[in-house]
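Beneath this line is the structure, given in structure tokens, with notes to follow.
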Amino acid sequence: MRLKLRLSYVGTRFCGWQIQEKAPPPRTVQGELEKALAVLCRVPVRAFGSGRTDTGVHAVAQIVHCDVPDGRIIHDWRNSLNALLPKDVRVLEAAPCAPDFHARKDALSKTYAYRFWRDNRFLPPEAISFVWACGPLDEIPMRKALPHLLGRHDFSSLQNAGTDVKSTMRTVTSCILDEMPQREFYPPHTPELLFLVTADGFLKQMVRNMAGLLAAVGRGRISPDDVPSILSKAARRDNPAVTAPAAGLTLVNVTYP
């Protein structure tokens, strides 16, 4: 039987989603999930995720599929897995799915959220692992840059080295930058910015490079009108912006047919 799982995790103490062939093996979300599945199924079970989140990146909607023995009857896979998993990863949903469903290959789009903390006076302790404490940013030019990221482009200039892909063309269907409400119980502060981006796929650290590019625009180091030229050069070395830290990034949605 094939199961479809929806996972949420805090990526701070994980070396990403994917198991790594090292000795000793680093702590990964896939590794912890497969340990729990092996206990329940009494045989090794391979779990396939919708994408490879990097070290320190979070998720509220990592979609996973795995094949479990037909004869192993578990009435509540979600609660049974959560009883075995560490507290920084939770199964939110678990249900049987079509035997040919594939969490990565069947995905139509993914949405990531990136959070910018702009107030230098203080950073809420509970936000430390979930935002980029980047300091002041002007959201007006940042919003002007967003349309340049929409559509189908070669995003090589927003790709970091480390993964071979057949094509660097991707289609971005939505880019939104919103001011977040004031955090409860804290003094008035500069509103946090939330960047939401949806595409049919993402290159290695592409969203973090988008966030870095937007921050450079918000600091006045790059003009919004420079973004098309940076994209057209199709080389990371021609993008002067830094890669934003992993902590601010969360996988928030994956869509399927």
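No value in this document is a laboratory result; all are computed from the given coordinates. None of the values given here were measured: they were computed from a predicted structure. Cβ sites come from the backbone with ideal geometry, for glycine too, and all protein chains shown count toward neighbours.
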(request) Among the GluC sites (Glu not before Pro) in segment 155-257, which ones are in a DSSP loop with at most 10 other Cβ atoms within 10 Å of the Cβ? Mind listing them? (result) GLU184
(message) Let me understand the chain better: what is its radius of gyration from the alpha carbons, and its Dmax, in angstrom?
(response) 19.5, 61
(request) Using the structure shown, list the pairs from LYS4/LYS110; LYS4/LYS87; LYS4/LYS35; LYS166/LYS233; LYS204/LYS233; LYS4/LYS166 with a Cα-Cα distance above 25 Å, or answer none. (result) LYS4/LYS166
(request) Enumerate by residue number the trypsin sites (Lys or Arg not before Pro) in segment 18-58 meeting two conditions: DSSP loop (anything except H, G, I, E, B), and at most 13 other Cβ atoms within 10 Å of the site's Cβ. (result) LYS22, ARG42, ARG46
(message) For a quick check of your reading of the filter: which trypsin sites (Lys or Arg not before Pro) in segment 188-240 sit in a DSSP loop and have no more than 15 other Cβ atoms within 10 Å?
(response) ARG221
(request) On each of the three principal axes of the Cα atoms of segment 1-142, give max minus min coordinate, whole Å, ordered largest first. (result) 58, 34, 29
